[in-house]
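Asks: Take a look at this one; I'll ask things after.
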């Protein structure tokens, strides 16, 4: 009985070239899809720092805490004695060795790193709030809304989960920077927690619909996305309705110490948690950062809705 031999036929050079070109075109298509979401990566690596840009502000990633400390000083984020503005340099994630820093130094660096992120998100929300208020004034005056107004209003109502314009004004607003940093510090142990290291979740935000293989908390690509979700959580969840009512009544002069009283549902500790937040606010003098601003923020082409789940 004869055995059949496997015969390998020699391929045409033109056929091989065609296959290679097809493979390269396929990989190029995948790369295009991966990098087409308003994120420009410049691939600049300098002394352990990686930079990327996202519509008017810059993400940076330090390889270790020593490098992070150096960069915070370089950007002027650790010395703000002569100015009340900071540059839009946003830390993507805390380095892995951040949790090993001495407590006082870690807290100082945490606040310095989080301040530009908090100010950037606040700026974006304030711009949205301003437009919503203008549209509401048009409606109340009987003026006709143009197509741009209608499109914006529809997007905001979907984003903030309400079809009531008066309610939208209450929801589409910002949170005092001091309160944000105080809660982030508490929930993350000033950047020391496992959830911070693994998932960039510095606010202890849990998943609403968790699958068996998923962690109990949400995972974020960076600290900015986590901060957006924190803001949206306070702005849309039924648990914080009283928080939003009080914030609305305060107008532009938001009192973080008073607003903290309406965060009892944020923790199972309830009133003890409120007292802890208020203690962190006062003992660290965080209220002074509420008057700070961020330089050169461009948000006209970027939607905060991109990463809301």
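Asks: Just give me the residues in region 222-238 being surrounded by fewer than 19 Cβ atoms within 10 Å (Cβ to Cβ) and over 18 Å from residue 187 (Cα atoms), in sequence order.
Replies: 236, 237, 238, listed by residue number.
Asks: Looking at residue 93 and the list (1) exposed (fewer than 15 other Cβ atoms within 10 Å of the Cβ); (2) at pLDDT 95 or above; (3) touching a strand residue (DSSP E or B) at 6+ places or on another chain (Cβ under 9 Å), which single condition is not satisfied?
Replies: With respect to (1) exposed (fewer than 15 other Cβ atoms within 10 Å of the Cβ); (2) at pLDDT 95 or above; (3) touching a strand residue (DSSP E or B) at 6+ places or on another chain (Cβ under 9 Å), residue 93 is out only on (1).
Asks: Every residue in region 254-269 that is closer than 17 Å to residue 234 by Cβ and either without any contact (Cβ under 8 Å) to a residue 24 or more places away in the chain or not in a helix (DSSP H, G or I) (or both), please.
Replies: 254, 255, 258, 261, 262, 263, 264, 267
Asks: Looking at (1) surrounded by fewer than 20 Cβ atoms within 10 Å (Cβ to Cβ); (2) at pLDDT below 95; (3) in contact with a helix residue (DSSP H, G or I) (Cβ under 9 Å, 6 or more places away or on another chain); (4) over 18 Å from residue 284 (Cβ atoms), which one does residue 138 not meet, given that it meets all the others?
Replies: (2)
Asks: Of all the residues that make up region 60-78, how many are in contact with a strand residue (DSSP E or B) (Cβ under 7 Å, 6 or more places away or on another chain), modelled with pLDDT under 90 and outside any loop (DSSP other than H, G, I, E, B)?
Replies: 1
Asks: OK, next. In region 135-161, which residue that is in contact (Cβ under 8 Å) with a residue 24 or more places away in the chain and not in a helix (DSSP H, G or I) is farthest from residue 254 (Cα to Cα)?
Replies: Looking at residues that are in contact (Cβ under 8 Å) with a residue 24 or more places away in the chain and not in a helix (DSSP H, G or I), I get 161.
Asks: Any idea which residue in region 271-301 is modelled with the lowest pLDDT, counting only those that are in a loop (DSSP other than H, G, I, E, B) and surrounded by 12 or more Cβ atoms within 10 Å (Cβ to Cβ)?
Replies: That would be 299.
The values are calculated or read from the model by the stated rules, or taken from the named source; none is laboratory data. All figures in this text were calculated on a predicted structure; none of them were measured in a lab. A quick note on method: Cβ atoms are made from the backbone with ideal geometry, for glycine too, and the neighbour counts reach across all protein chains shown.
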